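The values are calculated or read from the model by the stated rules, or taken from the named source; none is laboratory data. On a predicted model such as this, the values are computed, not experimentally measured, just so you know. For neighbour counting, all protein chains shown are included, and Cβ atoms are generated from backbone atoms with ideal geometry for every residue, glycine included.
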Amino acid sequence: MLKSATGLVAALAFSAGAQAAYPDRPVTLVVPSVPGGAADMVGRLVAEQLGKQWNVPIIVENKPGGATIIGTQAVIKAAPDGYTLLLGIDASFAAVPFLMEKMPYQPQKDLEPVATLSTLRYVLVASPTAPFKSVEQLLAQARARPDTITYASGGEGSTHHLGMALFEQEAGVSFKHVPYKAAPQGFVDVMGGHIDMMFLAASTAIQPVRGGKVQGLANTAATPIPDLPDLPMLKDKVKGFTFDSWFGLFAPAGTPPAVIDKLTASVRSVLRDPQVRDKLQAQGLAAGEGGPRELRERIGADTRRLAPVIAKIKSQQNKP
């Protein structure tokens, strides 16, 4: 018994020492999308602030592709020691696993939630050459000619795709989906007049709308965007419709609870910083709230809301 007790004390002492030391070397934050989008911006901002707080480098590594599967899988396969983390995108948890015929992993089991980093509003943007100049005109044309107005997304099951599918469902219209590897690529074609429209993160949309590179048709959130205060609210055009999304921080399953606790506390400290909150707001984003439990609950709520849309998407996929 004395030997067992001594071993337990030694193990606890080792665990406490590991917690105190973490992190003592560079940490990699995987962003499963291309550079330049909202996810990348949030990831780099948080990584920069965590690096300052911890006095170790936080390396942001972009791994786009496969509807975020490539980057997500890289983190799941990493050692569960807190040194490889994931910037998780809501669709990766609430939609992609239910859209794919076969998933190489189960994100809600293979990843540990840490904290919500940010929530973001979307803007319904249209090409400068699109044959409609308002939400009212868009809906009228969509009802007159279903499946002719095109919209871009960051891929099958991406947040942009799901948001537009929800919009179609609640407005009673049907558009033509054109998926891209990543949202910024689709946005280039919207600006160029090759695609009619898309839901675009406000962080990316603000400057192009202001500069006239695209039409800003509506804000999808429940509250105005400070930098686009005159943008019409989509909820006023399609009764009660709102849509936003979130980015969260995740670690591989099996990461020690002490490391998760350290990560959660550090992220909360970063997100309380007024300068960080101002930088997020300037990009049409809001600082996240809550820790692992709240993030897990949000994934569940999103999954339930999207279930009917996902069922419809899958039925369309199975059509000959």
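Brief remarks follow.
- Screening Ser92 against (1) out of contact with any Leu (no Cβ under 8 Å at 6 or more places or on another chain); (2) in contact (Cβ under 8 Å) with a residue 40 or more places away in the chain; (3) surrounded by fewer than 24 Cβ atoms within 10 Å (Cβ to Cβ) leaves a single unmet condition, (3).
- Among the residues of region 199-223, the ones that are surrounded by fewer than 22 Cβ atoms within 10 Å (Cβ to Cβ) and touching a Leu at 6+ places or on another chain (Cβ under 7 Å) come to 2 in all.
- Among (1) surrounded by 16 or more Cβ atoms within 10 Å (Cβ to Cβ); (2) assigned to a loop (DSSP other than H, G, I, E, B), the one test that Met103 misses: (1)
- In this entry, Ala91 passes the filter for residues that are assigned to a helix (DSSP H, G or I) and of a type in the set (A, V, I, L, M, F, W, C).
- Residues considered: Leu138, Leu87, Leu162, Leu166. Of these, the only one that is outside the structural domain of Pro232 (by TED's automatic domain parsing) and among the hydrophobic types (A, V, I, L, M, F, W, C) is Leu87.
Residues are listed down the side, and each one gets a yes or a no for (1) out of contact with any Lys or Arg (no Cβ under 7 Å at 6 or more places or on another chain); (2) surrounded by fewer than 17 Cβ atoms within 10 Å (Cβ to Cβ); (3) not hydroxyl-bearing (Ser, Thr, Tyr):
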residue: Val135; (1), (2), (3): no, no, yes
residue: Ile149; (1), (2), (3): no, no, yes
residue: Gly154; (1), (2), (3): yes, no, yes
residue: Ser158; (1), (2), (3): yes, no, no
residue: Met197; (1), (2), (3): yes, no, yes
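- Restricting region 224-251 to residues that are over 30 Å from Ile76 (Cβ atoms) and of a type in the set (Asp, Glu), the residue that is surrounded by the most Cβ atoms within 10 Å (Cβ to Cβ) is Asp227.
The rows are residues; the columns are (1) among the basic types (Lys, Arg); (2) assigned by TED's automatic domain parsing to the domain that holds Tyr83.
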site: Leu217; (1), (2): no, no
site: Leu231; (1), (2): no, no
site: Lys235; (1), (2): yes, no
site: Leu249; (1), (2): no, yes
site: Ser266; (1), (2): no, yes
site: Arg272; (1), (2): yes, yes
site: Gln281; (1), (2): no, yes
site: Pro292; (1), (2): no, yes
site: Glu297; (1), (2): no, yes
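- Of residues in region 7-33 being of a type in the set (Val, Ile, Thr) and either crowded, with 19+ Cβ neighbours inside 10 Å or at pLDDT 95 or above (or both), the one farthest from the chain's Cα centre (by Cα): Val27
- Considering only residues in region 133-169 that are touching a residue at least 60 places away in the same chain (Cβ under 8 Å) and outside any helix (DSSP H, G or I), the one that is nearest to Pro224 (Cα to Cα) turns out to be Ser134.
- Here is the figure for region 269-292: residues that are over 22 Å from Asp230 (Cα atoms) and in contact with a Pro (Cβ under 7 Å, 6 or more places away or on another chain) total 1.
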